[in-house]
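All remarks here apply to the structure that follows.
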Amino acid sequence: MKFFHLFCVAAFIYSCKGPANSNETKPSEDTTKTDSLAIKDFREFKVLDSKYINIDSLWEPFKKDMETFSESQYQSLKPLVLEQDIPTLQNHIRDGKLSYEALVKFYLFRIRAFDRENPLSLNSVISLNPNIIDEAKQKDIEFRNKRMKHPIFGMPVLLKDNINASGMPTTAGAVALRYNNAEDAFIVNQLKSKGALILGKANLSEWAYFFCGDCPSGYSAIGGQTLNPYGRRIMDTGGSSSGSGVAVAANFCAAAVGSETSGSILSPSSQNSIVGLKPTIGLLSRSGIVPISSTLDTPGPMTKNVMDNVILLDAMFGEDKSDPKSIFALWEPGFYLDGLEESTLKGKRFGAIKRLMEDSLYVNAINVLKSQGAEVVEIEGESIELKDFRRLLNLDMKKDLPTYLSTAADNSVAVGSVSDVIVYNEKDSVNMMPYGQRLFHGIMADNATEEEFEAIKSSLKKGGQSFFDIPMKANNLDGILSINNYHAGFAAVAEYPAITVPMGYDMEGKPRGLTFIGGRLQEKFLLQWAYAFEQASKMRRLPKDYN
């Protein structure tokens, strides 16, 4: 059935793949002609550990400060920090039970203990801010002087490593960008202006999973292979914001920022039992972020719970005049937080896709919504083909990557285009591209006139919007209910927001997410529905080996 698919126009982008023997409901891919894009089972890892991260160098800036932070101190802080939301952390700081410095040291200790070169390694963190402890000490001083500006103040945040942040390279996981020491992206400036601490960078599927074509999600040459804490080497991490999802799930940070073209926030969020929001395109700036598509790209918050998701979104939005899609939001900071705790599902009408009703977790989630007063209408879904989706990405990246490299990258970066990266990688293919770079070759082979390109974008946007608008209007719906990133492709080309929230774990222990999809700029409603569902269901649990 054409209407129901994860839309893996490239399963490589959206981490829609799974084990060959998986009994999960699988979509039809007959409309996307992906036979030539078949990917390997994600467990067939050629590389696990990074060949480019020097552990001693990574930890050298913290050696002196962390000498006095003991295992006993870490254990004493665990009840205060582990799985706690941002308002709770801030309350502990107000009560004098915690400080921003101690919070940062807690996360550093935990990353050192769990993330690399040990039997529980997750390989989720790719670099750390060498000044983070000093910055945390400064936040403690500012807090005592009553200079707290926002709930994100003093909170240690990880960024997906395609987002520029000063003091750390922005690599997109690629060796060609290993020394790309660029200035802060617009959203990073927004975070810092609210007092957030940039803890470091999270690993990602290299070039945001639009590079190799048959590599596992969560792999990059710089960061190695990120692994899922709910099942190391067993369960897919999702991609491409793999490190962001895993780091949040394992409590390596207060929150993380990912990015999505189609499914790259929703997939790793659902696969790692966290909350991930893909906003309306343009609500958050894309300036200073290594691109795939200026048409579809967006950053977004990835957090353990909806409250933190709201806080992180609220700290990042704002008009960026250098981004042609940036939206001038009329609301002030605090808009998304206002009224969140009073959220209700009473009288809300949602569309549930009939084919998904075979999934027991989805049915259970729907029953939770009904118990909270929501009405759920079963819908067939529209039979719509998203033709030329991959071409849209090819054509956009062919022009957008050179723009980033010439305007937002460090001047020392030696590549200026997709073709330059291809040639650069061929110098050491074993280390730089062990899975090949077939998708980059595909980008270079694709061409279109400006008229053809505009027609592709227009057709895809119309199709994506119709997929949601037609049933929503016909049934007077507030939103559509999906699973994981199953309908990420339609939401992507429609430029509509979507949020996924933990809805439980299957018989094999794999996390699953209930995904709410709404219309343009309906983030406030999505967050309220997600919050009410989360509070009623309480499904997230910490991965057992990382307590």
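The values are calculated or read from the model by the stated rules, or taken from the named source; none is laboratory data. Values in this document were obtained by computation on a predicted structure and should not be read as measured data. All Cβ positions, even for glycine, are placed from backbone atoms using ideal geometry, and neighbour counts span all protein chains on display.
Structure notes:
- In region 125-134, the qualifying residues are those that are not aliphatic (A, V, I, L, M) and not in a strand (DSSP E or B), and the one that is surrounded by the fewest Cβ atoms within 10 Å (Cβ to Cβ) is Asp134.
- Qualifying residue in region 241-260 (condition: surrounded by fewer than 24 Cβ atoms within 10 Å (Cβ to Cβ) and modelled with pLDDT of 95 or more): yes
- Looking at Leu122, Leu108, just one residue is assigned to a loop (DSSP other than H, G, I, E, B), at pLDDT 95 or above and buried (at least 20 other Cβ atoms within 10 Å of the Cβ), and that residue is Leu122.
- Condition broken by Ser193, with the remaining ones in (1) touching a Lys or Arg at 6+ places or on another chain (Cβ under 6 Å); (2) surrounded by fewer than 24 Cβ atoms within 10 Å (Cβ to Cβ); (3) hydroxyl-bearing (Ser, Thr, Tyr) satisfied: (1)
- Condition check for Val157: β-branched (Val, Ile, Thr) and part of a helix (DSSP H, G or I): no
- Filtered residue count, region 503-531, keeping only those that are buried (at least 22 other Cβ atoms within 10 Å of the Cβ), more than 18 Å from the chain's Cα centre (by Cα) and either free of Cβ contacts under 8 Å to residues at least 60 places away in the same chain or over 18 Å from Ile274 (Cβ atoms) (or both): 2
- Residue within region 488-496 that is closer than 19 Å to Gly334 by Cα, crowded, with 24+ Cβ neighbours inside 10 Å and out of contact with any His (no Cβ under 9 Å at 6 or more places or on another chain) present: no
- Per-region count, region 329-360, residues part of a helix (DSSP H, G or I), crowded, with 18+ Cβ neighbours inside 10 Å and in contact with an Asp or Glu (Cβ under 7 Å, 6 or more places away or on another chain): 0
- Answer from Ser240, Ser244, Ser264, Ser259 - the residue that is assigned to a strand (DSSP E or B) and either more than 16 Å from the chain's Cα centre (by Cα) or within 22 Å of Leu177 (Cβ to Cβ) (or both): Ser259
- Among the conditions (1) buried (at least 20 other Cβ atoms within 10 Å of the Cβ); (2) of a type outside the set (A, V, I, L, M, F, W, C); (3) in contact with a Ser or Thr (Cβ under 9 Å, 6 or more places away or on another chain), Arg541 misses just one, which is (1).
- Pairing residues of region 435-447 that are over 15 Å from Glu206 (Cα atoms) with residues that are of a type in the set (Phe, Trp, Tyr) and crowded, with 19+ Cβ neighbours inside 10 Å, at Cβ distances under 9 Å and at least 6 apart in sequence or on separate chains, gives Ile443/Phe210.
- Contacts under 8 angstrom Cβ, first residue in region 316-333 being without any contact (Cβ under 8 Å) to a residue 60 or more places away in the chain and more than 10 Å from Phe186 (Cα to Cα), partner hydroxyl-bearing (Ser, Thr, Tyr) and surrounded by 10 or more Cβ atoms within 10 Å (Cβ to Cβ), 6 or more apart: Pro324/Ser294; Lys325/Ser294; Ser326/Ser285
- In the set Leu369, Leu386, Leu393, Leu401, only one residue is modelled with pLDDT of 95 or more, touching a strand residue (DSSP E or B) at 6+ places or on another chain (Cβ under 9 Å) and either aromatic (Phe, Trp, Tyr) or buried (at least 22 other Cβ atoms within 10 Å of the Cβ) (or both); that residue is Leu369.
- Complete set of residues in region 187-237 that are part of a strand (DSSP E or B), among the small types (Gly, Ala, Ser) and touching a helix residue (DSSP H, G or I) at 6+ places or on another chain (Cβ under 7 Å): Ala202, Ser220
- In region 120-136, the residues that are closer than 19 Å to Tyr179 by Cα and touching a residue at least 12 places away in the same chain (Cβ under 8 Å) form Cβ pairs under 9 Å with partners that are assigned to a loop (DSSP other than H, G, I, E, B) and of a type in the set (Asp, Glu), at six or more places apart or across chains, as follows: Val125/Asp115; Ile126/Asp161; Ser127/Asp161.
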